[in-house]
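Working notes for the structure below.
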Amino acid sequence: MIIAVGKELKSKENRVAVTPDIVKKLSSSGLMIRVEKDAGLASGISNEDYEKAGAEIKNDIKTLYEDADVILKVNVLEKELDKFIKNDAVIISHMNALNDKIRVKELSQKFTYFAMEMMPRISRAQSMDILSSMSNLSGYKAVIEAVSHLKKAVPMMMTAAGTVAPARVLVLGAGVAGLQAIATAKRLGAIVYASDVRPAVKEQIESLGGRFVEVAINESGEDDGGYAKEMSKEYLEKQSQAVHENLKKADIAICTALIPGKPAPKLITKQMLIDMPNDSVVIDMACETGGNCFGSKLGEVVEVEGVKVIGFNDYPSKLAKDASKLYSKNIYNFISPFIKNGEIEFDMEDELVKGTMICKNGQVVHSLFKEFIND
């Protein structure tokens, strides 16, 4: 069985789907690995590194993908590659399945596709969860990004000339990215507050040294899968008031709040930005799905009411060396139980396969997407 790993064509994407250590493991299992020339350079991996691990380097897309049985990618397969890949190929990547209905429909008519972001939230899938591994890195990098734009020091400093007060950081959304942002900001010496619609995360926030911004309404914001869900109007009004009060004293706000398959909730209004200290920094990590902050623009740094609002969505790519290593391990942990005698044989009854397989041989098999693409 032939596994193909190509360059990512998405702008500013520096990650690669498979690293040499995983190539070695796949090769030792009897699989043939092809890697596009220079696919790993942006992640600090040379062609020689891949060859030493057992991969065959291909100089062009045609020879890379022809006869390939499995395509491993970081991002959803780009349209320009469709014509090079045989119809019965299996593709495994982040598919952005819940947000790109058109592309899902196109891919479902031709290939067998596994969307890694749809991995079930169960204990045995934790080592395969690309959302968690990438969000961890994103939460860390978002704080570093914010600090690089801030015009003041983060920790308290006692000097002969006087005391420098510590920076105040507000994190909105305490999922994986938010918790890592809290931990990172705290390590840098900031006073950290955090808000989330799920009261259950209070203990996690406080264990990292953060202070939970409580809303005095008994309403849970967690769905059955452990993700955040939409809240009542009354709750959102109360939460907005609490966030507004904290933003008035915040030097940095990190926005991480997402609702799977729906636009990001608006948490920071124009008036809130007006009331923030001048030269404060807001990182809007939800910008790709509409953003949590008023005025944020995807991929841009803009100034809104004297506050710098940053809408980058490529934080894992900015840490490509570690991100590629983690992503590659996530992929391997997913497929390795199904490798038998040099072949990958997916068990159609396995809950991990059922949860991530969107389409098979040109036919939608995931119940959620049968409705999704026909809306």
Exercise for the section: Would you point out the residue of segment 310-361, among those that are aromatic (F, W, Y) and buried (at least 16 other Cβ atoms within 10 Å of the Cβ), that is farthest from Y50 (Cα to Cα)? Expected result: F312
Problem - Filter result (loosely packed, with under 14 Cβ neighbours inside 10 Å and in contact with a strand residue (DSSP E or B) (Cβ under 7 Å, 6 or more places away or on another chain)) within segment 135-162 - result: M156, M157
Practice task
Pull up segment 346-375, narrow it to residues that are part of a strand (DSSP E or B) and in contact with a strand residue (DSSP E or B) (Cβ under 8 Å, 6 or more places away or on another chain), then point me to the one that is farthest from I3 (Cα to Cα).
Solution key: V364
Handout entry: Pair list, Cβ under 7 Å, 6 or more apart: segment 126-154 residue more than 24 Å from S93 (Cα to Cα), other residue modelled with pLDDT of 95 or more and of a type in the set (F, W, Y)
Key = E145/F312
Exercise for the section: Name the residue, out of E66, E51, that is farther than 24 Å from S11 by Cβ and free of Cβ contacts under 8 Å to residues at least 12 places away in the same chain. Expected result: E51
Exercise for the section: Consider only pairs whose beta carbons are under 8 Å apart and that are at least six residues apart or on different chains; among these, list those whose first residue lies in segment 323-348 and is more than 24 Å from G44 (Cβ to Cβ) and whose second residue is small (G, A, S). Expected result: S336/S29; I339/S29; I339/G30; N341/G30; G342/S29; G342/G30; E343/G30
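The values are calculated or read from the model by the stated rules, or taken from the named source; none is laboratory data. In this text, all values refer to a predicted model and were calculated from it rather than measured experimentally. Note that each Cβ is placed from the backbone with ideal geometry, even for glycine, and that neighbours are counted across all protein chains shown.
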